[in-house]
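Below: the structure, in structure tokens.
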Amino acid sequence: MKTTLRNPYRTVTGRDGDKVAFGWKDLEVTFLRNYFIPDNPVGQAAFAAKATHIITTYKDADSNFLDDLQAYVYAWNDTQLDGRTQIPRNRTNIFTKACFAAAKTASFDLSTLTAGNFGGEVGDLLGTAAPNIGNLVIAAGLPSCGLDLATLNNPIIAA
């Protein structure tokens, strides 16, 4: 349910009985929903730890690595996306998707992921493969999207 406030406050956050109220940015709209207790807090904490390390690794990546990732994202959106029903992917979406898929294949614990253990040595996310987008796509089992993945070879950390 959404409501518009008549008082001078922009939004309201908090609880009102069994409802949770939260505002949406600068809009004069407050959303209310039933309060609930998460059914798997341990799993949610584990997922948060993994996602945090993926985003931190993404932020630590070299700009050339991110340019290669952007080239892959453009190719992904051109070849894998049904533009009528799907939202285009961005670099963070594809990087996260690839990291989870590669970690599942390599039995890697993403809660330990850093740019330093992304690839190049035994025990890294990509194993002994060079830490670049081409190898990440291969390790994750993602489609090449018509690209020569060998050209996406900029390392995650500039040499």
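Where a number appears in this text, it was derived from the coordinates with a stated rule and is not lab data. It should be emphasised that the depicted structure is a prediction, and the values quoted were computed from it without experimental measurement. All Cβ positions, glycine included, derive from the backbone under ideal geometry; neighbour counts span all protein chains shown.
Here are some notes:
- Total residues in the range 76-102, condition within 20 Å of residue 130 (Cβ to Cβ) and among the aliphatic types (A, V, I, L, M): 4
- Residue among 94, 87, 55 that alone is hydrophobic (A, V, I, L, M, F, W, C), surrounded by fewer than 17 Cβ atoms within 10 Å (Cβ to Cβ) and outside any loop (DSSP other than H, G, I, E, B): 55
- Looking only at the range 125-143, and only at residues there that are in a loop (DSSP other than H, G, I, E, B) and within 19 Å of the chain's Cα centre (by Cα), the one that is surrounded by the most Cβ atoms within 10 Å (Cβ to Cβ): 125
Each row is one residue, and each column tells you yes or no for (1) closer than 18 Å to residue 138 by Cα; (2) touching a residue at least 40 places away in the same chain (Cβ under 8 Å).
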| site | (1), (2) |
| --- | --- |
| 57 | no, yes |
| 65 | yes, yes |
| 75 | yes, yes |
| 78 | no, yes |
| 82 | no, no |
| 86 | no, no |
| 90 | no, no |
| 93 | yes, no |
